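Remarks on the structure that follows.
FYI, it's all coordinate maths here, none of it is from the lab. Model, not experiment: these values are computed from the prediction. So basically every Cβ, Gly included, is an ideal-geometry build from the backbone, and we count neighbours across all protein chains shown.
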Ligand SMILES: [Fe+2]
Ligand SMILES: [Fe+2]
């Protein structure tokens with residue numbers, strides 16, 4: 001069994017003008033595809049070949065660095081595409097909003113914390129909203145690491161992941177990462193995030 | 001005295017088509033400039049306020065290290081280019097150690113290119129002189145700089161995506177292959 005590059009649920013131009021079609025297409029067909037291929041090559045003929053990606057990531061400290069980098073890259077981009085939508089934006093509702101208010105004080109405070117994690121991650125990496133035993137945390141990781149990995153500082157199940165590698169925004173925003181982070185909130189799919197939270 | 005952004009030593013379009021005018025404008029006027037500004041803000045009131053960049057690279061941590069090293073790294077990177085100026089390595093004490101340690105310039109380029117292609121994430125690849133006088137090729141992530149480890153930088157390649165994304169997108173290997181066409185080998189030889 002090998003991992004497959006997922007199809008997107010929307011067209012490459014569906015997130016315009018927040019994320020441009022050219023960025024989406026290169027990001028999916030080149031970057032995400034390369035992580036998927038490289039992961040498959042790295043696990044071929046090993047006992048990881050039949051494991052789920054979550055199981056692989058959970059014990060990542062025991063595996064070669066190629067699996068950490070490409071397994072992370074495969075999983076992280078799956079999540080990223082999954083939690084965005086052309087009908088996104090607005091505010092979370094229900095239990096998710098309650099949990100955000102409970103754990104961060106308010107939605108605005110959560111957003112400020114998340115934006116700061118995304119903006120200050122030096123170099124390449126990701127910002128996360130993580131669920132661990134029902135409680136929510138904001139964190140960031142370098143490169144393609146993520147909260148499922150046993151090496152992560154903040155562990156748990158990621159329910160929002162924002163890619164802050166320069167390839168995620170450079171064609172449209174160049175050095176202006178904060179503008180890209182602001183635009184992300186216009187396309188976040190709160191229904192999907194809520195499903196991952198439940 | 002505050003740290004200053006050095007001017008580019010050539011016109012923004014001078015490295016076309018290897019590195020575009022647009023890339024150099026962003027890379028120098030935005031990225032390099034931001035590292036200088038951030039550094040000046042961060043050192044205020046600290047023991048690094050009047051330090052040299054070299055001291056900051058060797059002794060500072062966190063934001064001061066990151067921004068200080070990035071100021072140094074970018075100045076060093078931009079200074080080594082000059083398209084069609086000195087595209088051959090002339091006989092010198094540097095060319096002798098290249099042949100001694102690698103056999104040929106092409107082998108050195110191959111090894112350096114492999115290191116640049118395989119660095120995962122953001123960072124820099126360096127040709128350095130070790131304390132024993134031998135050359136070596138190393139990778140540093142993010143703002144890393146060989147001076148911190150007592151190594152002398154000779155040549156560097158910025159493999160942060162901002163260095164090549166406008167011109168090459170995901171095709172980092174194409175950027176690295178083209179990179180060799182704009183190296184001013186006289187500058188490199190003089191650094192040894
Ligand atoms: Fe990405
Ligand atoms: Fe750079």
With angles folded into 0 to 90 degrees, how steeply does helix B:33-43 sit against the dominant principal axis of chain B? Use alpha carbons for both and round to 10.
40
Tell me what the protein assembly as shown gives for mean residue ellipticity at 222 nm when only DSSP H runs of n ≥ 4 count, each as -39,500 (n - 2.57), the sum divided by the residue total, rounded to 500 deg cm²/dmol.
-12500 deg cm²/dmol
Which residue, B:97, B:36, B:71, tops the fluctuation ranking in a GNM of chain B built on C-alpha contacts under 10 Å?
B:97
Relative contact order computed over chain A (Cα-Cα under 8 Å; 6+ residues apart), in percent:
25
Viscosity 1.567 mPa s, temperature 4 °C: give me the Stokes-Einstein translational D for segment A:82-198 in µm²/s, with Rh taken as the Kirkwood radius over C-alpha pairs.
90
The value for segment B:88-191 (convex hull of the alpha-carbon atoms, volume per residue, Å³) is 93
Two-site FRET efficiency, residue B:178 against residue A:153, from Cβ-Cβ distance with R₀ of 51 Å, rounded to 0.05:
0.85
The convex hull of the Cα atoms of chain B, divided by residue count, gives a volume in Å³ per residue of 111
Which number do you get for Rg(Cα) / (2.2 N^0.38 Å) in chain A?
0.99
Using Cα springs under 10 Å in a Gaussian network model of chain B, which residue among B:132, B:158, B:149 shows the largest mean-square fluctuation?
B:132
Kirkwood calc, the protein assembly as shown, C-alpha pairs only, radius in angstrom 22.6
Tell me the Rg and the Dmax, in Å, that the Cα atoms of segment B:45-139 produce.
16.2, 50
